[in-house]
């Protein structure tokens, strides 16, 4: 995932976040139950946070190439699709199999944050070597 593709993902994810959030608030809230709306809200919360994280990684990658940030952004993007997407599908369909997809997305979130930490720690080590 290049910084360009990270920016594209962030733009699409941000658009979907705003559009689906508005659709949920104005249309779905009239037909879905409390549990389903809570799943949508949780999906939106995680999507917004991880979209901003991917956007931040894209900005960093514009200045310096970092394989750890590359894989971090890929995991965060995949986590967003799997975690938030499965919650949206769970709320909008009768298929309960989506409950098995959600934790997989959560694992990709965790992996993405760990990879970001490793990448950040390695940035510090590189800076110290150049002094």
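Taking segment 28-83 as the search range and keeping residues that are in contact (Cβ under 8 Å) with a residue 24 or more places away in the chain and part of a loop (DSSP other than H, G, I, E, B), which one is surrounded by the fewest Cβ atoms within 10 Å (Cβ to Cβ)? Only one residue tops the list, namely 64. Only one entry of 73, 3 meets the criterion of being at pLDDT 95 or above and out of contact with any strand residue (DSSP E or B) (no Cβ under 6 Å at 6 or more places or on another chain), and that entry is 73.
The values are calculated or read from the model by the stated rules, or taken from the named source; none is laboratory data. Fair warning: this is a prediction, and the values are worked out from it, not measured in the lab. Cβ: placed from backbone, ideal geometry, glycine included. Neighbour counts: every protein chain shown.
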